[in-house]
Amino acid sequence: MSSTTSHHEGKARTAARKSGRKKGPATAARSTPDGIPVPGPHLSLLRRMPAIRRFEERCVELYSGAKIRGFVHLYIGEEAVAVGVNQALREEDAVVSTYREHGHALARGVPADAVMAEMYGRATGCSRGRGGSMHLFDASRRFYGGNAIVAGGLPLAAGLALADRMRGSTHVTCCFFGDGAFAEGEFHETANLAALWQLPLLLVCENNLYAMGTSLAREHAQTNLAMRAASYGMPAWTVDGMDVLAVEAAALRATESVRAGNGPHFLEAQTYRFRAHSMYGPDRYRAKSEIEEWKGRDPLKGLAELMRSEGQLNDRVMEELDKEVLAEIDEAVRGAEEARWNRSRTCSASSRANPGARHEHAEGTDRDFADHLSRGAP
């Protein structure tokens, strides 16, 4: 049975958040003799979000200095979604992303130096310098990349999920996409087939309220995206995308159900990007007061405040974390600038397989799929 959150319930939750997080009983601070808090369960989450934030801030500097080129879409403000969802995924699961995928790649475990080298277009990048900002890829981590086409990753994710279903595995394919993709036919085709075939697919819609410069309310008559996704017969609900713990809990609930064979699930993470759609574009379509209001719900500050209240964090630990993150990014930039460019003779490498092998493989796959369907599956 599908579960959704109504628009009025969402407003009520927002009002509750503005009044402050409800605190439980005070937690006694635990620390070492030199005053360092004992690491708590949220410390890894706290480190991952600033790692993404600092990486993106460095990209701003490098783009402004013409060190990296092309289109760059920053993830600043949305870090809780990538980190929270990836906490619920396993190494064997697959992830498909969008063109705003730096945060997804880093949260998935793609090394910062490999991502930065790709931003520079160097051969040591995770896509060998051929993809750039919008096409990060790491098959070893089952991170099947960003996609410059809005909603372009959705059919690919359905294919990955179908392959896992045909193999009889319990792997989950997670596909990130924005609210703008909800208006594309690829979303509705994918949602329909995923529900029809009961594919092990987790659809994560990062609803940041704007498709480029067009607000959700100006594009959709019904803005409750979870309710609309539920019409395809899949469990769907909204989650506060500015709260990493809420995202993690929702993603765990969803992935456990998907692994149990209950078909695709949909999460609408209500979030917000603090920067413009891309580094190249202006940000004249949003009120400054709206941006500042959302910055007041910064997911990094929210988790830090909670950890401080529970005795898991103090200024010293925060400073050490920041130094560690900045040092890692400095090293990534240094490595990218020293890395070699692709040689011109390698430009066509990996662009196509051996034609004969490709034809033979395609025929075999078609036969396997036909046999699979003839047995009444998926």
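Key figures
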| item | result |
| --- | --- |
| Spherically averaged projected area of the range 115-162 from its Cα convex hull (nm²) | 3.3 nm² |
| Protection proxy ranking, peptides 309-320, 233-244, average beta carbon neighbours within 10 Å, highest first | 233-244, 309-320 |
| Solvent exposure ordering (accessible area, 1.4 Å, most first) of Lys323, Lys67, Lys288 | Lys288, Lys323, Lys67 |
| Dimensions in Å of the range 150-211 - Rg and Dmax from alpha carbons | 11.6, 38 |
| Arg54 paired with Arg308, simple spin-label distance in nm, labels 7 Å along Cα-to-beta-carbon | 1.9 nm |
| Solvent exposure, largest accessible area first (probe 1.4 Å, DNA, RNA and ligands not counted), of Tyr232, Tyr75 | Tyr232, Tyr75 |
| Per-residue SASA entry for Phe137, accessible area with 1.4 Å probe, Å² rounded to 10 | 90 Å² |
| Which of Leu216, Leu201, Thr271, positive extreme of dipole for the range 201-336 (C-beta unit charges) | Leu216 |
| Leu252-Thr214 FRET efficiency (beta carbon distance; Förster radius 22 Å; 0.05 resolution) | 0.10 |
| Label-to-label distance, nm, for residues given as Ala66 and Ala163 (7 Å Cα→Cβ offset) | 4.1 nm |
| Protection proxy ranking, peptides 158-168, 115-125, average beta carbon neighbours within 10 Å, highest first | 115-125, 158-168 |
| Cα→Cβ-extended label distance, 7 Å offset, between Arg286 and Asn342, nm | 3.3 nm |
| Carbon and sulfur %, accessible surface of the range 107-198 computed with the full protein complex present, 1.4 Å | 55 percent |
| Kirkwood hydrodynamic radius over Cα pairs of the range 69-133, then Stokes diffusion coefficient at 4 °C and 1.567 mPa s, in µm²/s | 106 µm²/s |
| Convex hull volume of the range 147-305 per residue (C-alpha atoms, cubic angstrom) | 113 Å³ |
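The values are calculated or read from the model by the stated rules, or taken from the named source; none is laboratory data. The structure presented is a predicted model; accordingly, all values stated were derived computationally and were not measured. FYI the Cβ positions are ideal-geometry reconstructions off the backbone, even for glycines, and counts take in every protein chain you see. We work out accessible area using only protein heavy atoms, side chains counted, and drop any ligands, DNA or RNA first. Shrake-Rupley method; radii C 1.70, N 1.55, O 1.52, S 1.80 Å.
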